[in-house]
């Protein structure tokens, strides 16, 4: 082969790396594709099982959802490459586009320079030192809610945890705590919008999104409820500018490069997006944690022993929460086995090579932390709920194999807030109650916008001896 002919064959990848094979390397297609429907039937019928089965087809595999081609990434190495070194070639993708139901350009769904600017604006609110300040608010918010379980039987535990974590977000970040009926209405609207977003992402038919279907009308009503509730919070902050020092007041004080304040719609979108994103993940993690404790009394006893010995009557602080090492392992294992963000999307913005596969611009990408965290090649006995797998002396999963909050520049900036909140709520519940499962159908995971229990009803039995209320700072 002449030097000229070799030079004609050579080209450079989007990252600048030369290679001589001009033929694109395309990921293999998963078997079972049906005409017109593609793989939509198994994806809709049992999406969790379908995605789990795709891991047998290699580190990267193609599926079809109707006419749309989708690339599924199974390898932690490829995920790490996509989310870090080559992240500039990817946008957030289809699911996050549909989540704009909560706010067109809110931080969780924003892209590019807007995302970077908003992240820098809000990052101080989630700094380690600021989290320590939130602990008192977390405690005073959830303690009366936990105490109220005495008059509630049985508990819909998922709903209780959702209300609790929603109130924590609103109290810590927005300086307001709704009453139970208002909180329930907000929660219902959040669930409705999440369901609409997932439905539109799994079956992306833009025409149907504009028709007055029952689902679209429910989403419109839910959006109005959310906007009304959040709008009232913003109006109160605007009317009392010196009364608050939180994220809402920060957004109201912010000035753009031209000196103009943020538009009302921008502030509404940011507050709505934070409210939706900040509560659901922690709530379902805690629901699964107590489900597993209800099935494993020995683990429950270990938690009770740690809470009774590690926490004193002194005010709760970040330092005192660090003594809850077994509690944190319970939280981590719940995040692993029941990864709340079970489905994540991206889309290529330019042609890019990932591993040894070439992806064209506009390619939809999905991956599942749920299936990643249950891979037996990465986790011994992966279906066993084993908090001790997180002991420092035990072998830890390889880099990129445990990503409940993502990784890279789009990693959830509220991860420390969520972990602190989950540990605190788990400890406060355990200090007062034993939660016992109510007989009924087996609890199964449901892949909605988060991975939640199908139905989780439990009774709260007072501990003997019951612990006293712990003082707050």
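Numerical summary
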item: Ranking of 339, 75 by count of other Cβ atoms within 10 Å, fewest first; result: 75, 339
item: Potential lengthening between residue 129 and residue 52 on full extension [0.36 nm per residue; Cα-Cα distance subtracted]; result: 23.8 nm
item: Calculated FRET efficiency for the pair residue 242/residue 455, C-beta based, R₀ 51 Å, to 0.05; result: 0.65
item: Cβ-derived FRET efficiency at R0 41 Å, residue 156 paired with residue 69, nearest 0.05; result: 0.55
item: Sorted by Cβ neighbour density within 10 Å, fewest at the top, the residues 208, 250; result: 208, 250
item: Pair residue 209, residue 41: separation of 7 Å Cα→Cβ label points (nm); result: 2.7
item: Span from the the range 259-287 Cα centroid across to the the range 295-339 one, whole angstrom; result: 28
item: Global form of the range 387-438, assessed from the alpha-carbon gyration tensor, a/c cut-off 1.5; result: oblate
item: The range 122-178 and the range 30-68: distance between their alpha carbon centers, rounded to Å; result: 39
item: Cα long-axis angle, helix 112-122 against the chain (0 to 90 degrees, to the nearest 10); result: 20
item: DSSP-defined beta bridges in the chain - what % are antiparallel, rounded to 5; result: 90
item: Helix-only mean residue ellipticity at 222 nm for the chain, each DSSP H run of n ≥ 4 adding -39500 (n - 2.57), per residue, nearest 500; result: -15000 deg cm²/dmol
item: 0 to 90° range, to nearest 10: angle between helix 157-174 axis and the chain longest Cα axis; result: 90
item: The chain: angle of helix 325-337 to the longest principal axis, Cα-based, in degrees nearest 10; result: 40
item: Packing-based exposure ordering (other Cβ within 10 Å, fewest first) of 55, 136; result: 136, 55
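Values quoted throughout were computed directly from the atomic coordinates according to the rules given, and no laboratory measurement underlies them. No experiment lies behind these values; they were computed from the predicted model shown. As a convention, Cβ positions derive from the backbone with ideal geometry for all residues, glycine included, and neighbour counts pool all protein chains shown.
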